[in-house]
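Colleague: Structure incoming, see below.
The values are calculated or read from the model by the stated rules, or taken from the named source; none is laboratory data. Nothing here was measured: the structure is a model prediction, and the numbers come from that model. Every residue, glycine as well, gets a Cβ built from its backbone with ideal geometry; the counts of neighbours run over all protein chains shown. Each accessible area value is taken on the protein alone, full model and side chains, heavy atoms only, with ligands, DNA and RNA left out. Shrake-Rupley method; radii C 1.70, N 1.55, O 1.52, S 1.80 Å.
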Amino acid sequence: AGRVDLTSLFTFTVDPATARDFDDALSFEARGDDIVAYVHIADVAYYVPEGSVVDREALDRATSVYVATGVEPMLPAVLSSDVCCLQPDVDRKAVTVEMTMSAEAEVRAVRFYRSTIRSDLRLDYEQLEELFNGTRAAPPDLASALALGRPLSEAVRERRNRRGSLRIS
């Protein structure tokens, strides 16, 4: 109750190829001359009450640690790799940031709310790079989303660089 149903939006995740916990996803849509960018974060707080044993342990761990032999997750695997994982074709609870932006990436409006999403596609960084390089064809829904999102990303990067951001390679 009280969640915004965003399951009809084309939504995708981008994570390392070896990742098992997909905790954020993206959606984009055109709205008049503006672009609406949605950032969806898995709503772990729905399942992990503040101050609970799991919450305190996650606070102590601070992050999942990836090493050559595996991963030590911040949260129990049943949460991080299943219940809270934004896997494709499964309805999941999320917290969404909805940003209405101009084509120049000027933020016109921002909303935060709890939502229900359904990821349509899981991408890894190598696949995304192949799409950007033109060595892999994007399905139509993904191509449309990237056509909206990529120019926004470039505009944000240009603005950040003009303001003197630190660039680390």
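Colleague: First measure r as the distance between the Cβ atoms of Y46 and T18, then evaluate 1/(1 + (r/R0)^6) with R0 = 25 Å and state the FRET efficiency to the nearest 0.05.
Modeller: Details: r = 27 Å, r/R0 = 1.06.
Plugging the Cβ-Cβ distance into 1/(1 + (r/R0)^6) gives 0.40.
Colleague: Classify region 7-73: rounded, prolate or oblate, from the alpha-carbon gyration tensor (a ≥ b ≥ c, eigenvalue square roots; a/c under 1.5 rounded; otherwise prolate if a/b is larger than b/c)?
Modeller: Values: a/c = 3.42, a/b = 1.68, b/c = 2.03.
The shape class here is oblate.
Colleague: Next up: Using per-residue counts of other Cβ atoms within 10 Å, averaged over each peptide, order 88-94, 58-64, 6-12 from highest down.
Modeller: Working: 88-94: 16.9, 58-64: 12.1, 6-12: 18.4.
The peptides rank, most packed first, as 6-12, 88-94, 58-64.
Colleague: Taking only protein heavy atoms into account and a 1.4 Å probe, give the accessible area per residue of the chain in Å².
Modeller: Values: 10320 Å² over 169 residues.
Value for the chain: 61 Å² per residue.
Colleague: Placing +1 at every Lys and Arg Cβ and -1 at every Asp and Glu Cβ, with all other atoms neutral, what dipole size does the chain have around its Cα centre, in debye to the nearest 20? If you can, show how the numbers build up before the last one.
Modeller: Details: 20 positive and 28 negative charges, 104 e Å.
Dipole of the chain, to the nearest 20 debye: 500 debye.
Colleague: Out of P88, L166, L123, whose Cα points farthest toward the positive end of the dipole of region 70-169 (charges: +1 Lys, Arg; -1 Asp, Glu; placed on Cβ)?
Modeller: Looking along the dipole axis, the top candidate is L166.
Colleague: With a 1.4 Å probe and every protein chain kept in, tell me what percent of the accessible surface of the chain is carbon plus sulfur.
Modeller: Numbers: 5430 of 10320 Å².
Roughly 53 percent of what the probe reaches on the chain is carbon or sulfur.
Colleague: Ranking request for peptides 19-25, 108-114: highest mean number of other beta-carbon atoms within 10 Å first, then the rest in descending order.
Modeller: Working: 19-25: 19.6, 108-114: 11.7.
For the peptides 19-25, 108-114, the packing ranking is 19-25, 108-114.
Colleague: Compute log10 of I(q)/I(0) for region 60-120 with the Debye formula, placing one identical point scatterer on every Cα and leaving out solvent, at q = 0.13 Å⁻¹, to two decimals.
Modeller: Summing over Cα pairs of region 60-120 leads to -0.57.
Colleague: Leaving ligands, DNA and RNA out of it, work out the accessible area of I41 with a 1.4 Å probe and give it in Å² to the nearest 10.
Modeller: Taking all protein chains as shown, I41 has close to 80 Å².
Colleague: Can you check what the net charge comes to around E158, using other residues whose Cβ is under 15 Å from the Cβ of E158 (Lys, Arg +1; Asp, Glu -1)?
Modeller: Numbers: positive: R150, R157, R159, R160, R162, R163, R167; negative: E104, E106, E154.
Combined, the nearby Lys, Arg, Asp and Glu give +4.
Colleague: Can you tell me the relative contact order of region 54-132? Whole percent, Cα pairs under 8 Å, sequence separation 6 or more.
Modeller: On the way: 86 pairs, mean separation 17.1, N = 79.
Value for region 54-132: 22 percent.
Colleague: Taking every pair of distinct Cα atoms and averaging 1/r, then inverting, what Kirkwood hydrodynamic radius in Å comes out for region 1-147? Don't jump to the answer; show the numbers that get you there.
Modeller: On the way: mean 1/r = 0.0603 Å⁻¹.
After inverting the mean inverse Cα-Cα distance, the result is 16.6 Å.
Colleague: Relative contact order for region 36-169: what percent, with Cα pairs under 8 Å and sequence separation of 6 or more? Please report the intermediate quantities before stating the final value.
Modeller: Working: 142 pairs, mean separation 29.7, N = 134.
Result for region 36-169 is 22 percent.
Colleague: Next question. So for V95, V78, what's the accessible-area order with a 1.4 Å probe, most first?
Modeller: Numbers: V95 45, V78 90 Å².
Descending order: V78, V95.
Colleague: Select from the chain the helices, each a whole stretch of DSSP H, whose alpha-carbon atoms run 20 Å or more along the helix axis and whose Kyte-Doolittle mean is at least -1.0; answer none if there are none.
Modeller: On the way: long enough: 140-162 (33 Å, -0.66).
Span-like helices, by this rule, are 140-162.
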